[in-house]
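Engineer: To start, I am sharing the structure in question, which I have written as structure tokens.
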Amino acid sequence: MNRIIFSLFVLLGIYGCSSSNNIIDGGKSNYKIFVSNNASRTEQYAAAELQQHLFKISGYQLQIVNHADVQE
């Protein structure tokens, strides 16, 4: 669990350093928050917290998607 959260912050930090890439731009986004099919309650809570904080920052609510719902 800690490894997942740490990896998320590292990726967001690296991704955030690039000025041309925005997760949410102009009130729109092509991004979603993905959770595993067998995500623990803690991981589901973390996804909801991330969604809430990004909404507070941007005013746009990213969708939380279960990995099973994704069509490849």
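Engineer: State all residues of the range 24-40 that are part of a loop (DSSP other than H, G, I, E, B), surrounded by 13 or more Cβ atoms within 10 Å (Cβ to Cβ) and in contact with a helix residue (DSSP H, G or I) (Cβ under 7 Å, 6 or more places away or on another chain); if no residue qualifies, say none.
Structural biologist: 24, 36
Engineer: What's the number of the condition residue 43 fails, among (1) surrounded by 10 or more Cβ atoms within 10 Å (Cβ to Cβ); (2) at pLDDT below 90; (3) not in a loop (DSSP other than H, G, I, E, B)?
Structural biologist: Tallying (1) surrounded by 10 or more Cβ atoms within 10 Å (Cβ to Cβ); (2) at pLDDT below 90; (3) not in a loop (DSSP other than H, G, I, E, B), residue 43 fails exactly one: (2).
Engineer: For the structure I just gave you, tell me whether residue 29 is over 13 Å from the mean Cα position of the chain (by Cα) and not aromatic (Phe, Trp, Tyr).
Structural biologist: no
Engineer: Checking the condition modelled with pLDDT under 90, surrounded by 13 or more Cβ atoms within 10 Å (Cβ to Cβ) and part of a helix (DSSP H, G or I), which residue from 54, 8, 50 passes?
Structural biologist: Answer to the selection: 8.
Engineer: On to the next question. Check residue 65 against each of (1) in contact (Cβ under 8 Å) with a residue 24 or more places away in the chain; (2) part of a helix (DSSP H, G or I); (3) not acidic (Asp, Glu) and name the one condition it does not meet.
Structural biologist: Just one mismatch for residue 65, condition (2).
Engineer: Filtering the range 32-72 down to residues that are under 14 Å from the mean Cα position of the chain (by Cα) and basic (Lys, Arg), which residue is nearest to residue 3 (Cα to Cα)?
Structural biologist: By that ranking, first place goes to 32.
The values are calculated or read from the model by the stated rules, or taken from the named source; none is laboratory data. Remember, it's a predicted structure, so these values are computed and weren't measured experimentally. Positions of Cβ are backbone-derived with ideal geometry, glycine not excepted, and every protein chain shown enters the neighbour counts.
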